[in-house]
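Encoded as structure tokens, the structure appears first; notes follow it.
The values are calculated or read from the model by the stated rules, or taken from the named source; none is laboratory data. The structure presented is a predicted model; accordingly, all values stated were derived computationally and were not measured. Note that we place each Cβ from the backbone using ideal geometry, even for glycine, and neighbour counts take in every protein chain shown.
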Amino acid sequence: MKLPKIGLLYMDYVLQFFHQSNFKGWPDKIETVTYHWGNDASRFIEEVKKKKIEILIGNIPATAYEPFRKIRAALPEVRFVPSIETQFSNKSKENVTLFCRKYGLSHPETHIFYDLDEGFKYLKSCTYPKIIKRSYGPSNYGGYFVHKVDSAEEATALLKEKKYSPHYIQDCIPLKADIRVMLIGHKPICAFWRVAGQDQWITNTSQGGSMSYEGVDMGALELAVQASKAAKAEYWACDIVEHEGKYYILECATAFAAFPYVRDWIGQYLMWDFSNGHFPMPHIPLYSWEELGKINPDLLRTIRHMSFSSYLPSTDGALYVNEPSDLLAMELTETSYPMDIPDQKSVSDYVVKDEENLPEKVLEAARQGNVTPVEPVGRSIYLSQVTLTDLMALYGMEEEMAEELFSFLQDNQVNTLDDLKSLDWIDDRLLSTWQDAVTVRLDLNAATKEDFLGIRGIGDSLAEAILVFRGESKSFASVDQLLEVEGIGQKRFEKICDCFTVG
């Protein structure tokens with residue numbers, strides 16, 4: 001039989017989810033196509049056509065979602081897996097909310113404000129606690145941009161500091177644990193509790209949380225299946241919380257971390273789909289994760305191409321079936337269409353009632369049926385003061401990359417951005433995207449007041465004092481002269497001195 005030509009979609013600086021080995025047994029050559037950031041759409045389209053790719057497999061990060069909507073339109077004969085519509089929720093927290101609202105999926109009460117003054121006004125009258133999230137950015141936050149606030153004062157101070165735009169504010173559902181559910185063909189194939197660390201409220205394992213595979217609630221699985229079917233997703237993941245007997249979707253997307261054997265299972269499922277059943281559908285027993293979860297994670301990361309034999313009931317168990325209901329059976333996904341994307345033209349229904357107050361950028365996008373969040377306005381980060389949260393906000397950054405870079409900065413003195421190229425995944429092209437966001441050291445004799453205010457430990461009055469001193473002295477001869485500035489003692493100097501140089 002003739003099989004379709006498969007291509008794997010890769011992107012610079014984005015960790016690869018699939019490899020050709022995930023499609024073990026596929027007899028034909030599997031192509032790869034890499035999208036380079038910038039104006040690369042035309043070249044990318046031509047390469048897909050030249051290689052005669054019929055199915056293009058791969059997740060699209062938030063920052064590339066809009067270009068790929070146009071790329072998909074230019075390649076109408078190519079099937080994208082997951083579809084662009086299915087990946088709608090990957091782009092932003094706003095899109096997750098719009099997706100849940102369109103399909104009637106249970107989720108926390110959420111308010112989104114593009115008019116930031118309206119957001120601050122809402123914070124004065126709403127009840128607390130609330131959850132505030134940065135909506136747009138890297139797909140894998142690890143919880144670094146999720147904040148719990150207990151008062152209007154705390155919420156206002158947070159948003160003024162973080163400058164998140166839009167304001168994305170959710171009701172806080174009490175939790176010490178949530179449930180991550182992974183699905184293939186609408187069937188749950190892995191699920192586990194994510195339990196918050198001691199004295200913590202956030203459940204991400206990168207911030208001290210732990211995992212448990214035992215006793216995952218059926219209600220959470222059923223809600224995840226509903227979301228997967230609404231998204232028409234070949235593979236999918238949901239974070240779900242239970243409160244007072246009801247289940248709520250916190251997050252959902254096609255982008256998620258997974259052990260290699262899960263990616264192999266997805267590959268097996270896709271081969272079954274692409275071959276019209278020539279390759280067998282993978283058989284993955286429900287709740288198999290309870291036994292797999294007993295395996296040491298270090299070993300679990302090495303397991304590949306795992307499979308299970310089909311269930312055959314014994315004579316006395318003939319009345320029992322392998323699946324509790326058809327709801328949880330693996331099946332093919334439906335074809336997706338542009339109309340599956342939530343209607344964003346009614347953005348004012350979700351945000352503010354006075355549409356005149358919306359930024360023109362948002363209004364224009366809404367008129368076109370495509371709301372793009374306003375890019376967050378952030379200060380330049382100084383490598384001598386950088387936090388893991390700062391690094392996670394950088395363009396193209398993923399959690400594992402941020403942690404590696406953070407460790408490197410703790411152990412090495414960095415004098416120029418080029419010093420970062422000691423890490424094999426950092427090159428000139430990536431550094432060029434960080435030029436405006438990252439500062440190694442600031443020239444004391446050229447810096448503006450705004451530059452000084454970007455450094456932790458320097459407020460308005462101290463920035464003015466530094467400028468006054470520089471004006472009186474004509475220039476700084478050395479960084480040590482900061483100790484002569486009124487308001488800078490030894491402790492403060494030690495905190496800020498590595499941010500400066502004298503040119």
Fill in: Complete set of residues in region 4-22 that are in contact (Cβ under 8 Å) with a residue 40 or more places away in the chain, outside any loop (DSSP other than H, G, I, E, B) and more than 9 Å from Tyr35 (Cβ to Cβ)
Ile6, Gly7, Leu8, Ser21, Asn22
Item to complete: Consider Ile132 carefully, then state whether it is surrounded by 15 or more Cβ atoms within 10 Å (Cβ to Cβ) and either farther than 19 Å from Leu250 by Cβ or in the same structural domain as His186 (by TED's automatic domain parsing) (or both).
Response: no
Item to complete: Determine if region 401-424 includes at least one residue that is over 29 Å from the mean Cα position of the chain (by Cα), at pLDDT below 90 and of a type in the set (A, V, I, L, M).
Response: no
Discussion item. Filter region 23-33 down to the residues that are surrounded by fewer than 15 Cβ atoms within 10 Å (Cβ to Cβ) and not small (Gly, Ala, Ser) and list them by number.
Written reply: Lys24, Pro27, Asp28, Lys29
Discussion item. Within region 466-474, does at least one residue satisfy the condition of being under 22 Å from Glu161 (Cβ atoms) and charged (D, E, K, R)?
Written reply: no
Worksheet item: Any chance region 5-22 includes a residue that's loosely packed, with under 15 Cβ neighbours inside 10 Å, modelled with pLDDT of 95 or more and over 27 Å from the mean Cα position of the chain (by Cα)?
Response: no
Item to complete: Test Glu94 against the criterion of being at pLDDT below 95, surrounded by fewer than 15 Cβ atoms within 10 Å (Cβ to Cβ) and either assigned by TED's automatic domain parsing to the domain that holds Pro166 or within 18 Å of the chain's Cα centre (by Cα) (or both), and give yes or no.
Response: no
Worksheet item: Going by the conditions given, is Lys124 of a type in the set (D, E, K, R) and more than 19 Å from Asn59 (Cα to Cα)?
Response: yes
Fill in: Qualifying positions in region 269-280 - surrounded by fewer than 23 Cβ atoms within 10 Å (Cβ to Cβ) and either aromatic (Phe, Trp, Tyr) or out of contact with any helix residue (DSSP H, G or I) (no Cβ under 7 Å at 6 or more places or on another chain) (or both)
Trp272, Asp273, Phe274, Ser275, Asn276, Gly277, His278, Phe279
Item to complete: Filter region 418-446 down to residues that are of a type in the set (D, E, K, R) and part of a loop (DSSP other than H, G, I, E, B), then give me how many there are.
Response: 4
Practice prompt. For region 57-75, indicate whether the set of residues that are in a loop (DSSP other than H, G, I, E, B), of a type in the set (Asp, Glu) and either buried (at least 17 other Cβ atoms within 10 Å of the Cβ) or in contact (Cβ under 8 Å) with a residue 12 or more places away in the chain (or both) is non-empty.
Written response: no
Fill in: Qualifying position, being more than 30 Å from Tyr247 (Cβ to Cβ) and either of a type in the set (Val, Ile, Thr) or surrounded by 17 or more Cβ atoms within 10 Å (Cβ to Cβ) (or both), among Phe99, Phe44, Phe120, Phe88
Phe44
Response to the item:
Picked from region 390-400 (must be surrounded by 17 or more Cβ atoms within 10 Å (Cβ to Cβ) and at pLDDT below 75), the residue farthest from the chain's Cα centre (by Cα) is Asp390
Fill in: Conditions (1) buried (at least 18 other Cβ atoms within 10 Å of the Cβ); (2) modelled with pLDDT of 85 or more; (3) at positive phi: number failed by Gly487
(1)
Practice prompt. Considering each of Leu286, Leu221 in turn, give the residue that is in contact with a helix residue (DSSP H, G or I) (Cβ under 8 Å, 6 or more places away or on another chain), in contact (Cβ under 8 Å) with a residue 60 or more places away in the chain and more than 19 Å from Cys100 (Cα to Cα).
Written response: Leu286
